[in-house]
Amino acid sequence: MNPGTLLLTSAASFVASIVAGNRYARAWLTLTLTGVFAGLSAALIVLLGTTDWEWRSTLMVGGQLVFLRLDGLSALFLVLVSVVGGAGAVYAHEYWSEDDYPTSAPRGRMWWSGLVLSMGLVLTIVNGLHFLIAWESFAICAYFLITLDRQRRAVRAAGWLYLAASHAGTVALFAFFASLAARTGSWELGPLRDHASLAPLFWLALFGFGVKAGVFPLHFWLPDAHANAPSHVSAVMSAVAIKMGIYGIVRFSGWLPMPAAAGWVVIALGATSALLGIAFAFAQDDVKRLLAYCSVENVGVIMIGLGGAMLAAAHGHASWGLLALSGALLHVWNHGAFKALLFFGAGSVLHATGTRTMSRLGGLWRTMPWTTGMFAIGAVAVSGLPPLNGFVSEWLVYLGLLDAVVSKGPAAWAAMPAIIMLAMAGALALASFTKAGALIFLGSPRTQAAAAAHESGRWMRLPMLTLAALCIALALVPVLFWPAVARAVNAWDTSWPPTAVPNSLTSIGRTQVALALAAVAATFLLLHKVRTNGLRRGLTWDCAYAAPTAHMQYSSGSFAGIVVGWFAWILRPQGIVRRPRGLLPLKAFRVGHNPETVLELVIGPVSRGIMQASRTARRLQHGNLQAYILYVIAALVALGSVAWLAGTP
C-alpha cells in the first residue's frame, strides 16, 4: 500500500480518536491502535524501500502551501512514535482507567491522541511555519498530559515549568525558522548546505531543540515533569517526546552548513549529559526521577554519536562517522524501547504500592514477578550490558570513536575524552539500576504498602511484554535492523556511500545469542537445583541485633553515598542529621535531599533577582503625571547625550 494512503488513514484515525476519546474508551483504543499501525506501516515501507514519500497540496495554511515528506530519517523516528504511542495507549487503558479517574481519564485519552498526531506532523512537515504550529501543538498536548492529576501542587508546578522551558525553546526556534526564511526567501525546508551564510543559525536550532531533548544543562524541566506525570505519560515523554528534540538537531545538522565548532560542541554536550545525567540519577530515591535523569544520560549517548558524525563529516572520515551516527540512531530506538519498559514497570510498582520512593519499597519480587522480570530486562538493557540491546548501539558509538582515535586526526582530541566519560557513565548506570532493582524488588518489604503489593493486570503487562520482546529482538538480531538505520544515515548525509552490515555487528549478534542461551540454561539449571534440593529461608546476617527490622536494610542514600560524595561539587547534597545521643538512644535519623542544581541554584536565584528588579521597577509607575514627564525628559537627555558622544570624533 502507498505510504500516503497509510499516513492519511493514520491521521484520520487519530482525529476520530480525539472525538471519541471523551466518551468511548474502547472505540478510542481501537482508533488509536489503527492509527499507530497505519503510521508504523508507512514508516517501514519508506525505511525498507529506496524512495522517499512526498505530497504537495494546494491547501494553504497561514499563507503557506502544505508540503509533507517522509524520508529515511523521519521514518525512523515515526516508528518509535508509533510503537510507544500504541503501547502507552494500551497501558493507560488499565493504569489510568475511567473507573479510577472518571474526570481526567477522558481528557487524557484526547490529549494522548493529539500528542501522537502532533509528533507525527512534526516528523513529516517540511515548512518552517507549519513546523512551528505542529511543534506548539505537541508542547500543549504534553502539558495537559503532564498535569492530568492537577489536584496536586507538585504536578501543577511541574507542568508550568515544562511549559515555560518549552516556550523558551520555541522562541529560539521561531527566531531560527524566521531567519532561515528571511535569508532564503521561503519557509520551505530542505538541504541548504551550499548556503554557507546560514551556518550561525545552527546555534539557535541547537538551543531550541536541545531544551526539548533535555541536553544538560537545558534539562532542568525534565526530572519534575517525568516524575509527576502519570507513568504512561512519563514513558512517552522520555522514550519519544525528547527524541523530537534529537530529531530536530539531527535533521538540521544534516540540512544546514555547520559552524566549525559545531561537532566539538555537540560531542562535549553529549559527554557532559551522559556523565552528569547518570550521576544525578544515582543520587535519587524517587524511581521515576532516577529514570528521568537516566534519560538525560541516554540523550548524551546519542549526542556523542551525532557529534562524532559531525566531526567525521567536517574532516572527511565517512567510515567512522557512519559507525558513530548509526550507533546514535540505533540508540534512539533502543532507548525508546527500554525506557518506556522501565517507566511502565515503575508505573506498575506505583499502581500497586502508591509510592515512588525506593526506600519505602522492597521484596516486591514475591508478589509482582512479571513486573520484576520486565524491569530486570529493562535494567540490563539501559545499563548497556550484553546480551541486551543497549549494548549494541553503545558498542557502535564506541567503535566510531575508537576509529577516530586510531585515525590520529584532530577529532581524536574530542573522541578520547568522550570514550572515557561514556565508560564512566556506563559504570554509574549499572550501579544506578543495581540500586533500583535491589531496593524495589529484593530484600524485605520496608512498609505495609510494599508488603500488600499486587501484580498488575493484563492490559499493563501486555505492553511491557511487547517492549521487552522488542529489546530482545534488537539485541539478538541487530543485523535485521541495520537496513533501516543505514537508510536514515543516508538521509542525513547523501554523500556518504551506502554500507553493508558491519562485520562487528554480525559478530555481536552471534555473541549475544550465545550469551542469552547460556543465561537461559543457567536459569533453568538453578531452578532445577532448587526444586531438587528444596529451598530453605532464613534471616540474613543481622550484625548481632537481637531483633533486626526491614529498616536496617540498605537505603537509597547509603547505597549511593560514596558516589554522591565524588560528585558533591555538582550534586550539592543537602541533609538533616540527628545523631544517636546517650547510652540507650531512642531516636536518630538522617534526611537527605539532592536538589536539581541547575534549577534550584542557578535558574531559581536568577529568576528571583529578575522578579525583584521588576517589583522595584513597578514603583516607577504610580500615576503621577509630573513624574512621567520627568522620565520622558530624562530619557531624551540621555539619548541626546549618546547621540552627541557618538558624533564626536
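The values are calculated or read from the model by the stated rules, or taken from the named source; none is laboratory data. Being a predicted model, the structure only gives us computed values, none of them experimental. Positions of Cβ are generated from backbone atoms using ideal geometry, with glycine treated the same way; all protein chains shown enter the neighbour counts. Note: accessible area is taken over every heavy atom of the protein model, side chains too, but ligands, DNA and RNA are not part of it. Shrake-Rupley method; radii C 1.70, N 1.55, O 1.52, S 1.80 Å.
Observations, loosely collected:
- Any hit, segment 97-107, residues being within 17 Å of the chain's Cα centre (by Cα) and part of a helix (DSSP H, G or I): no
- Hits in segment 48-72 (condition: buried (at least 23 other Cβ atoms within 10 Å of the Cβ) and assigned to a helix (DSSP H, G or I)): G72
- Number of the exception - G362 against (1) over 16 Å from A452 (Cα atoms); (2) touching a residue at least 60 places away in the same chain (Cβ under 8 Å); (3) more than 25 Å from the chain's Cα centre (by Cα); (4) buried (at least 17 other Cβ atoms within 10 Å of the Cβ): (1)
- Scope segment 131-182; condition open to solvent by 40 Å² or more (accessible area, probe 1.4 Å), over 30 Å from E98 (Cα atoms) and aromatic (F, W, Y); matching residues: F174
- Residue count, segment 251-272 (criterion: among the hydrophobic types (A, V, I, L, M, F, W, C), touching a residue at least 12 places away in the same chain (Cβ under 8 Å) and closer than 15 Å to H315 by Cβ): 6
- Lone qualifier among A486, A436 - being under 19 Å from G378 (Cα atoms), surrounded by 15 or more Cβ atoms within 10 Å (Cβ to Cβ) and within 25 Å of the chain's Cα centre (by Cα): A436
- If the condition is being aromatic (F, W, Y) and not in a helix (DSSP H, G or I), then segment 586-645 contributes only F589.
- Filtering M464, M460 for residues that are closer than 16 Å to V380 by Cα and buried (at least 23 other Cβ atoms within 10 Å of the Cβ) leaves a single hit, M464.
- Within segment 277-297, being out of contact with any Leu (no Cβ under 9 Å at 6 or more places or on another chain) and either assigned to a helix (DSSP H, G or I) or without any contact (Cβ under 8 Å) to a residue 60 or more places away in the chain (or both) holds for G277, R289, L290.
- With respect to the conditions (1) of a type outside the set (A, V, I, L, M); (2) more than 20 Å from the chain's Cα centre (by Cα); (3) part of a helix (DSSP H, G or I), G300 lacks only one, and its number is (2).
- The selection criterion, being under 22 Å from the mean Cα position of the chain (by Cα) and crowded, with 22+ Cβ neighbours inside 10 Å, holds for L115.
- Long-range neighbours under 8 Å by Cβ, at least six apart or interchain, first residue under 11 Å from S231 (Cβ atoms) within segment 78-97, second of a type in the set (D, E, K, R) and open to solvent by 10 Å² or more (accessible area, probe 1.4 Å): A92/R109
- Selection status of L571, out of contact with any Cys (no Cβ under 8 Å at 6 or more places or on another chain), open to solvent by 70 Å² or more (accessible area, probe 1.4 Å), hydrophobic (A, V, I, L, M, F, W, C) and touching a residue at least 24 places away in the same chain (Cβ under 8 Å): no
- Which numbered condition T34 fails, given (1) closer than 13 Å to V116 by Cα; (2) surrounded by fewer than 20 Cβ atoms within 10 Å (Cβ to Cβ); (3) over 26 Å from the mean Cα position of the chain (by Cα); (4) polar (S, T, N, Q): (3)
- Flag for A560 being at pLDDT 85 or above and open to solvent by less than 60 Å² (accessible area, probe 1.4 Å): no
- The lone exception for F174 - which of (1) aromatic (F, W, Y); (2) over 18 Å from A225 (Cα atoms); (3) in contact (Cβ under 8 Å) with a residue 60 or more places away in the chain it fails: (3)
- One residue from A418, A412 being under 24 Å from the mean Cα position of the chain (by Cα) and among the small types (G, A, S): A418
- For P217, the criteria (1) surrounded by fewer than 21 Cβ atoms within 10 Å (Cβ to Cβ); (2) over 25 Å from C141 (Cα atoms) hold in every case but one, which is (2).
- Filter result for G305 (part of a helix (DSSP H, G or I), over 22 Å from D224 (Cα atoms) and in contact with a His (Cβ under 8 Å, 6 or more places away or on another chain)): yes
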